[in-house]
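Visitor: Mind having a look at this structure? Questions to follow.
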Amino acid sequence: MDWIVIVLTSSVVTAVINILWKFFENRKKFAETKYLQISNYYRNSSGEDMHGILKEWSDMLLSFDDPEVAERMSDPVKLITLIKRTYLYSSPETVRRLSMYQTFNYSPEENRDLHEMMVLITGIIVSLRHDFTGDWVSIEDTLKLRLNDYSLNQKKFQKQIKKMKFDKK
């Protein structure tokens, strides 16, 4: 008689565990599918906008000596427009990096560091690139594209990257 109770109890417990497992597994799959659908929707419907935003931020790093880019960077209205567009089409991680950049912009000029600014801009660029392509590129490699003296300032850049917690991706 005891063995029947044990078998029935273990069967019920196993069934409950399986039901709970399937429930949570389906919830997780649903959340992942929902995220992918939203992500694909934004990529499909706003791909050109995202590409344009990525290009403008990339120009800030890779073409900052171009007079047209320098003029656009120094125009507060164009910069605010770029920030708004970036906010609309980007991921939470990009928005976090964007807010750090804005905090930097509103700090007193004597507290601003060129290395910090370059890491902030590059952090936005690599995060936008991830939003657009799904691939992460390192901030260091991106900085090396533009800076021929990166190795001389490598420790300063790495310190800023770590300070901003951009090294987690």
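Visitor: Working only within the range 146-169, note down all residues that are at pLDDT below 90 and touching an Asp or Glu at 6+ places or on another chain (Cβ under 9 Å).
Guide: The one that is at pLDDT below 90 and touching an Asp or Glu at 6+ places or on another chain (Cβ under 9 Å): Lys169.
Visitor: For Tyr101, state whether it is surrounded by 15 or more Cβ atoms within 10 Å (Cβ to Cβ), in a helix (DSSP H, G or I) and either at pLDDT below 90 or on the phi > 0 side of the Ramachandran plot (or both).
Guide: In short, no.
Visitor: Also, I was wondering about something else. Based on what the data block shows, is Thr94 within 25 Å of Lys155 (Cβ to Cβ), touching a residue at least 24 places away in the same chain (Cβ under 8 Å), crowded, with 16+ Cβ neighbours inside 10 Å and in contact with a helix residue (DSSP H, G or I) (Cβ under 9 Å, 6 or more places away or on another chain)?
Guide: no
Visitor: Across the range 146-169, what is the number of residues that are of a type in the set (Phe, Trp, Tyr), within 22 Å of Ser91 (Cα to Cα) and over 15 Å from the mean Cα position of the chain (by Cα)?
Guide: 0
Visitor: Let me ask something else about it. Among the candidates Lys22, Lys34, Lys78, Lys28, single out the residue that is assigned to a helix (DSSP H, G or I), more than 26 Å from Ile161 (Cα to Cα) and either modelled with pLDDT under 85 or in contact with a strand residue (DSSP E or B) (Cβ under 6 Å, 6 or more places away or on another chain) (or both).
Guide: Lys34
Visitor: Looking only at the range 52-68, count how many residues are buried (at least 17 other Cβ atoms within 10 Å of the Cβ) and farther than 12 Å from Ile121 by Cα.
Guide: Total satisfying the criteria: 1.
Visitor: Out of the residues in the range 131-145 that are part of a helix (DSSP H, G or I) and at pLDDT 90 or above, state the one that is nearest to Glu93 (Cα to Cα).
Guide: The qualifying residue nearest to Glu93 (Cα to Cα) is Ile139.
Visitor: Right, here's the next one. Can you list residue pairs whose Cβ atoms sit under 7 Å apart, with the first residue in the range 105-125 being under 15 Å from Gln154 (Cα atoms) and the second being polar (S, T, N, Q)? Count only pairs 6 or more apart in sequence or on different chains.
Guide: Qualifying pairs under 7 Å: His115/Asn153; His115/Gln160; Glu116/Gln160; Val119/Gln160; Thr122/Thr142.
Visitor: Considering each of Glu71, Glu93, Glu110 in turn, give the residue that is of a type outside the set (A, V, I, L, M, F, W, C), farther than 24 Å from His51 by Cβ and either in a helix (DSSP H, G or I) or out of contact with any Lys or Arg (no Cβ under 6 Å at 6 or more places or on another chain) (or both).
Guide: None of the others qualify; the one that does is Glu110.
Visitor: Tally up the residues in the range 133-169 that are of a type outside the set (A, V, I, L, M) and touching a Phe, Trp or Tyr at 6+ places or on another chain (Cβ under 6 Å), please.
Guide: 2
Visitor: Do we find a residue being over 25 Å from Tyr35 (Cβ atoms) and over 22 Å from the mean Cα position of the chain (by Cα) anywhere in the range 98-108?
Guide: The answer is yes; a qualifying residue exists.
Visitor: If I go through the range 136-165 residue by residue, how many of them are under 18 Å from Leu62 (Cβ atoms) and either touching a Gly at 6+ places or on another chain (Cβ under 7 Å) or acidic (Asp, Glu) (or both)?
Guide: Going through the range 136-165 one residue at a time, the tally reaches 4.
The values are calculated or read from the model by the stated rules, or taken from the named source; none is laboratory data. Note that the structure is a prediction, hence the values are computed from the model and not measured. Note that we place each Cβ from the backbone using ideal geometry, even for glycine, and neighbour counts take in every protein chain shown.
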